[in-house]
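Have a look at the structure below, then the notes.
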Amino acid sequence: MLERMNWIAQLTNSWVWVMAWRDSRRERGRLALFAVSMVIGISAMTAIHTLKEDAEAAIANQEKALLGSDLQISSRQPFEVDSVQQIAVVADAIASETGLASMLQFPRTGDARLVQVRAFEGRFPFYGAVETDPANRWQAITQEGAMGVLVEQALLDQFGAEIGETVRLGELEVEVIGIIRKPLPRSGRFSGFAPEVYVPMEALRSSGLLGATVLATHHLHILGDGEAVKAFLDSQFADESWRTETPESRRETLGDAVENFRQFLSLLAMSALVLGAIGVASAIHAHLKRRVQSVAILRCLGASGNLASAIYLVQSAVLGLVAAFAGTVVGVGLRQVVLWQLRTRTDWEIGAGIPWDVVLQASLAGLGVCVAFALLPLLRVRKILPITALRQSTQAEVKSTGRLATFGVLLILTASVFGLAWFNTSDALRALIMTGGLIVVFAFLWAVSRLLVWATRHFTSASWPYPLRQGLSNLHRPNNQTLLFLLSIGLGTFLLLTILFGRNLIVERTSTANTEDGPSIYLVDVQAGQVDGVVDLLEELDLPTLESASMITMRLESVKGRSTTELMEEGAVPRWVLQREFRSTYRETLNATEKIVSGNWPPVWSGGSGPVPVSLEADLAADLSVSIGDAFSMNVQGRVIECVVGSIREIDWSRFNLNFFMLFPNGVLEGAPGFHVVTSRLDEGDSSGALQSRIAEVFPGISVIDLALLLETVRTIIGRILMVVGVLSGFSLAAGLLVLIGTLWNGRDARQQEAGLLRVLGASRAQIQSILTVEYAALGILAGLAGALPAIAANLAMAVFIFKASPWPSLPLVGAAIVLCAVASILAGLAIGQGASNAPADAIRSS
Amino acid sequence: MNSSANISSTSASVQSATTALVLKLSKVTKTYHTAGHSLTVLNDVSFEVGAGQTCAIVGPSGSGKTTLLGLSVGLDDPDTGAVHLAGQELGEMNEDQRAALRRDEVGFVFQNFQLMPTLTALENVMIPLELRGDRSGAKAAAELLGKVGLGDRTRHYPSQLSGGEQQRVALARAFIHEPAILFADEPTGNLDRETSEPIVEMLFDLNKHHGTALVLVTHDDELASRAQRTIRMRAGRVVEEIVNA
């Protein structure tokens, strides 16, 4: 018998579908209104997910522009032709580069300057572009075989040279054919510390500079699946001491901005759909409230509870399907509008074709969650007693819902929220925390609503004025909306505030990372005796001196008693760490972008011949597998210094401050040969030409490294991240507010009927409005407060565990949310009262 | 003319040994418990209705008539006692089994008509057949609507019909599946005398024609007198049972 089967099984009964259709006939206008909640939720979910995909792809492309390729392979030895051919098989395209430091001579004046020569062969970069003046000179030297050199404007300024002038590079005399306006990413972080010049590979070969004694670095730039190529290298070229770099490894330049951005978008997408789901639950609840008599009649005539439930499950599911379709269309449309706006207002190439897979996933997830949230009110249908049809009461007689069924539905809801969170974050633990958080908030709001019902039942005094008594009594009497209102509006307030808090945190954190007071100019090769002169010169040009540090080059000699040669053979420590030349400094104080995370760091060392406590950067310590107290030794230009890991520091590399992998205390390296680096900052848009000329005049040996172009790239990315965050937050807020207004409106039936009845009995308009104002103000203020409290807790958790920012939320924002809740609630109450006051008979009849 | 007798003697006289029982209530009691209070709505009520018989239940408001009706068709459970409907003990059946029994054996006519507002007259009448899985009831429903004088209103919604017309649709719905017993709860309570008259005629005609037992709950003594028996209730007890002429 069908009736013995559960209500899901009833969906195979064709009559259920026919009845669902018939039953909807006179309610389709209302059902369409209810569907709006779902449409908003699903369209927000679709728009946010597709835009998230677009923004992530666009940001990832921009990240790739920080490297120029999907993978960079570097070696101190030239790559064998055979090796390159093997790699070419697994790559989509390869470009090669060789870089070395050399003197660039200006024969006309007889001047010379140490420069970083970068020679290229093949199309490069694969991401981003090199801009030159005149245009297309980069393509000329890399792809069209033109023989010439591209230089920085500052270099020409320094020597009063111009385009067309001949310069000498080794044995080759070559013409300056253009100025680099937008340079390539550097092949290493500030590698070379000298102005860069670009030449075709053929020019470098002709220069004779590639002799065996010259220390050159060779790079292969790969276009293709970076991870696959890396895996290929690990399997085929395991013995080669090559170093690889991916765009991700350059992400440190952007700090945590991209990761924070992804997390925030996940939170947004999830919140938008949960808001939509709240709307769905309240809409279905309101719809079913109007169908109580129909359900009771069917039950009287012999329909089982399961059969009646199946009819409304079908209605909800079809409503969900229609809403999913409409929501998807609206969501995709919104995406197109937002992309069009972003492209029009900036020159950002964001978003290509419509990602149908993401659209489909988002729609299905939205539909699933909507149907799951409709189950809770549908539970009630099974338990509507048929005797309701015999009684003349407007109140449905409902048998208490079985605990097992309620538990089952709550389990489905929890599972769907968890699935949604997992779909959004791709991180099971984070999804679990999000789901747990929502359950806690839900339980909290439920408890608050029970408390409100209890308090109004016990503490309302008969001596109070009638409208106040009646308004407060509405909060606990049969047909009260307290639980529904607190859950829907409270949860909505919580989610909207959490979105705003999250947005504020990401803006604060990203703005801090992208601070305007960081350095944009490095002055390198400054001798100890020149530091004061450089500082004076900067002051003369109205430029600040931000930092000054000594740099001493050194190499690792041993770690925990094992020599670098032994360690290299064991393969436990990355080769680049063992082979690299560390540029370290000594100083008494830490700067703002580094902090000690373990151990102690003595500003001054006076330990005599004992090992020197050195502070290591956290990632380096991890690569070396050392911890506090472990011994290692450094070779400082021939002299071995015994050291011990005194402390470990975390460094924020997104700031361009002078930071070092190894930091020595004062009192150890003062006598070691080295040079100083001084940093300064130019205002955005200012040229470093004047500074370069003055430095060249007064201190010819000092190099000026201008970071303006790199900073501009970083700022552009961060700016675009913040723009997307702004647009999507605004969109979610608007969608959420619409859903909440719909929720308020859905609950109007009961109050409209009561207000109409009171009006018929002679209540004045003012009395009705006072009663509704008291009830809705109490509900609004309490829902706002009850939603704000967990939002403040969520802000605290996000600030401490994710964004590492101030845990204090914006109190004006909290206040505004509560006031907005109360005002919106009162306005909804007044609107309901207004309708009933104007046409009381209609109000009674329509209910 | 009506004649009266005491409860035990009339039960024996009206219920012939050869008539099968369609409804039997045995010592049924129902008490509602609200915060700190108990209200016994039915107290030790027993009566029987045989196949094709008609029986009216009368009594003032609050005497327990509607509760008795609810218990008789398994819409509610008695605290003590037993209810047998169409030969089956309702206390031994679950909610779905009772629904199936109502679907197959019971017809309903309500005071406030209780038509599904979103269904046409024809669709409303078809519901009992459709609930049984019979999808070919349109012809029979149309015929029945014709019999109650609504042959030209089959596609009208309840809101487009007058009160009397709605109750005629309800009558057609109650008889479409030829139930063993029909319960009518104040079938003319919302209608004026002029409109009531043909409804009552139809009710008894259909009862006679289909051989359906009829249980009428009413305030109207004149209507009650048309049934073979009248059971009078007061304060939850059966205080009198009258055999009508």
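A few points about this structure:
- Taken over the stretch A:53-71, the criterion of being buried (at least 24 other Cβ atoms within 10 Å of the Cβ) and not hydrophobic (A, V, I, L, M, F, W, C) is satisfied by A:Gly68, A:Ser69.
- Some residue of the stretch A:97-105 being closer than 20 Å to A:Leu209 by Cβ, surrounded by fewer than 18 Cβ atoms within 10 Å (Cβ to Cβ) and charged (D, E, K, R): no
- If the condition is being at pLDDT below 80 and facing chain B (nearest Cβ under 10 Å), then the stretch A:1-24 contributes A:Met1, A:Leu2, A:Glu3, A:Arg4, A:Met5.
- Among the residues listed as A:Leu390, A:Leu334, the single one being open to solvent by less than 80 Å² (accessible area, probe 1.4 Å) and modelled with pLDDT of 75 or more: A:Leu334
- Residue identified as at pLDDT 90 or above and open to solvent by 50 Å² or more (accessible area, probe 1.4 Å) among A:Asp92, A:Asp133: A:Asp92
- Flag if A:Arg76 is within 35 Å of the chain's Cα centre (by Cα), farther than 15 Å from A:Glu202 by Cβ and open to solvent by 70 Å² or more (accessible area, probe 1.4 Å): no
- Test: A:Asn591 is polar (S, T, N, Q) and in contact with a Leu (Cβ under 8 Å, 6 or more places away or on another chain): yes
- Residue pairs meeting the criteria (Cβ under 7 Å; at least 6 apart or on separate chains; first at the interface with chain A (Cβ under 9 Å from one of its Cβ atoms) and under 17 Å from A:Trp21 (Cα atoms), in the stretch B:106-125; second among the small types (Gly, Ala, Ser) and buried (at least 22 other Cβ atoms within 10 Å of the Cβ)): B:Leu115/B:Ala170; B:Met116/A:Ser294
- Options B:Thr120, B:Thr29; residue that is farther than 30 Å from B:Glu165 by Cβ and hydroxyl-bearing (Ser, Thr, Tyr): B:Thr29
Conditions tested, residue by residue: (1) part of a helix (DSSP H, G or I); (2) acidic (Asp, Glu); (3) over 20 Å from A:Val739 (Cβ atoms); (4) modelled with pLDDT of 75 or more.
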site: A:Gln753; (1), (2), (3), (4): yes, no, yes, no
site: A:Gly756; (1), (2), (3), (4): yes, no, yes, no
site: A:Gln767; (1), (2), (3), (4): yes, no, yes, yes
site: A:Glu775; (1), (2), (3), (4): yes, yes, yes, yes
site: A:Pro790; (1), (2), (3), (4): yes, no, no, yes
site: A:Leu820; (1), (2), (3), (4): yes, no, no, yes
site: A:Ala836; (1), (2), (3), (4): yes, no, yes, no
site: A:Ala843; (1), (2), (3), (4): yes, no, yes, no
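- Subset of the stretch A:527-578 (residues that are surrounded by 18 or more Cβ atoms within 10 Å (Cβ to Cβ) and touching a Gly at 6+ places or on another chain (Cβ under 9 Å)): A:Gln530, A:Leu546, A:Ser550, A:Met551, A:Ile552
- Only helices (runs of 4 or more DSSP H) whose full extent lies in the stretch A:223-329 are considered here, and the ones with at least 3 residues that are over 28 Å from the mean Cα position of the chain (by Cα) and more than 14 Å from every other protein chain (Cβ to nearest Cβ) are A:226-236, A:257-290.
- Residues (surrounded by 16 or more Cβ atoms within 10 Å (Cβ to Cβ) and under 46 Å from the mean Cα position of the chain (by Cα)) located in the stretch A:465-479: A:Gly471, A:Leu472, A:Asn474, A:Leu475, A:His476
- Criterion violated by A:Leu541 - all others in (1) more than 30 Å from A:Pro700 (Cβ to Cβ); (2) touching a residue at least 40 places away in the same chain (Cβ under 8 Å) satisfied: (1)
- Meets criteria (touching a residue at least 40 places away in the same chain (Cβ under 8 Å) and either closer than 30 Å to A:Leu342 by Cα or not in a helix (DSSP H, G or I) (or both)) for A:Leu737: yes
- Subset of the stretch A:145-160 [in a loop (DSSP other than H, G, I, E, B) and open to solvent by 10 Å² or more (accessible area, probe 1.4 Å)]: A:Gly145, A:Ala146, A:Met147, A:Gly160
- Residue among A:Leu429, A:Leu483, A:Leu491 that is buried (at least 21 other Cβ atoms within 10 Å of the Cβ) and in a helix (DSSP H, G or I): A:Leu491
- Here A:Ser687 passes the criteria (1) modelled with pLDDT of 75 or more; (2) part of a loop (DSSP other than H, G, I, E, B); (3) surrounded by fewer than 19 Cβ atoms within 10 Å (Cβ to Cβ) except the one numbered (1).
- Out of B:Arg132, B:Arg102, one residue alone is under 15 Å from A:Ala303 (Cα atoms), charged (D, E, K, R), within 10 Å of another protein chain (Cβ to nearest Cβ) and surrounded by 24 or more Cβ atoms within 10 Å (Cβ to Cβ). It is B:Arg102.
- Filtering the stretch B:142-159 to residues that are within 18 Å of A:Asp23 (Cβ to Cβ) and either of a type in the set (Gly, Ala, Ser) or within 11 Å of chain A (Cβ to nearest Cβ) (or both) leaves B:Tyr157, B:Pro158, B:Ser159.
The values are calculated or read from the model by the stated rules, or taken from the named source; none is laboratory data. Given the structure is predicted, the values throughout are model-derived calculations rather than measurements. FYI the Cβ positions are ideal-geometry reconstructions off the backbone, even for glycines, and counts take in every protein chain you see. Ligands, DNA and RNA are stripped out before the accessible areas are found, and what is left, the full protein with its side chains, is counted by its heavy atoms. Shrake-Rupley method; radii C 1.70, N 1.55, O 1.52, S 1.80 Å.
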